[in-house]
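See below for the structure under consideration.
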Amino acid sequence: ERMLLANYLRQQGCRVYLASDGQDCLRKVRLVRPDLVLMDVQMPVCDGLSACRIMQADPEMRDIAVIFLTGAAMPMQRVQGLLAGAVDYVSKPFDFEEVRLRLAIHLRTRATAEEASEDETREYPADGASSLDNILFQSARMHLLNSLADTPDLQQLAGRVSTNSKRLNEAFRKCVGVTVF
């Protein structure tokens, strides 16, 4: 089950690291600093609840979202998981698409928060960018952030901001130095 989910998530573009137990998870989280941890409540050596509490107590790990994917699905067990610091709880048996969507939701929330803090220090438009370039870029950026689970292609994105793909690429190049691709 773990390997099937890992393969599915890799096919969806995720970088996946597997841990054998809660202690291995904590070791890998410290080394890799993942965007999100998906773990079971019931694991050998160090259970998921304990691992989650340790992460919440550590300033270097507390900002990493934890989602429990577990058979421990009774209401009180879910409450314990959330109280330990998890941001979500998926019960087994699970659907791959549900897991993907829940990951996308929490990754989008994290990306939006990071973008907001970056925006405080970033200034647009860049040298050579007109106000129209800036409007197109900012508008496309917001569409991308709001549709991380189903990223539009260049044509769709250009249509959503009422321009064509060539003009949108030009705006991206002038504002941030790269094209939409």
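The values are calculated or read from the model by the stated rules, or taken from the named source; none is laboratory data. It should be emphasised that the depicted structure is a prediction, and the values quoted were computed from it without experimental measurement. A quick note on method: Cβ atoms are made from the backbone with ideal geometry, for glycine too, and the neighbour counts reach across all protein chains shown. These accessible areas exclude ligands, DNA and RNA; they are computed on the full protein's heavy atoms, side chains included. Shrake-Rupley method; radii C 1.70, N 1.55, O 1.52, S 1.80 Å.
For segment 44-72, the set of residues classified as touching a Lys or Arg at 6+ places or on another chain (Cβ under 9 Å) and open to solvent by less than 10 Å² (accessible area, probe 1.4 Å) consists of Met55, Met61, Ile64, Ile67, Phe68, Thr70, Ala72, listed by residue number. Applying a threshold of 9 Å to beta carbon distances and a minimum spacing of six or more residues, or different chains, the list of pairs starting in segment 23-40 at a residue that is touching a residue at least 24 places away in the same chain (Cβ under 8 Å) and closer than 13 Å to Ala51 by Cβ and ending at one that is of a type in the set (Gly, Ala, Ser) and surrounded by fewer than 16 Cβ atoms within 10 Å (Cβ to Cβ) reads Asp40/Gly71. When segment 152-181 is filtered for residues that are within 23 Å of the chain's Cα centre (by Cα), farther than 13 Å from Asp133 by Cβ, outside any helix (DSSP H, G or I) and not hydrophobic (A, V, I, L, M, F, W, C), the ones remaining, listed by number, are Pro152, Asp153. The set of residues in segment 73-91 being open to solvent by less than 70 Å² (accessible area, probe 1.4 Å) and either at pLDDT 85 or above or assigned to a helix (DSSP H, G or I) (or both) consists of Gln77, Val79, Gly81, Ala84, Gly85, Ala86, Val87, Asp88, Tyr89, Val90, Ser91. With the structure loaded, tell me whether Pro34 is within 18 Å of Ala6 (Cβ to Cβ) and either part of a loop (DSSP other than H, G, I, E, B) or modelled with pLDDT under 90 (or both) or whether it fails that test. Yes, satisfied.
Every condition in (1) outside any loop (DSSP other than H, G, I, E, B); (2) modelled with pLDDT under 85 is met by Tyr124 except one, and the failing one is (1). Residues in segment 16-41 that are open to solvent by 40 Å² or more (accessible area, probe 1.4 Å) and within 18 Å of Met61 (Cα to Cα): how many? So the answer is 11.
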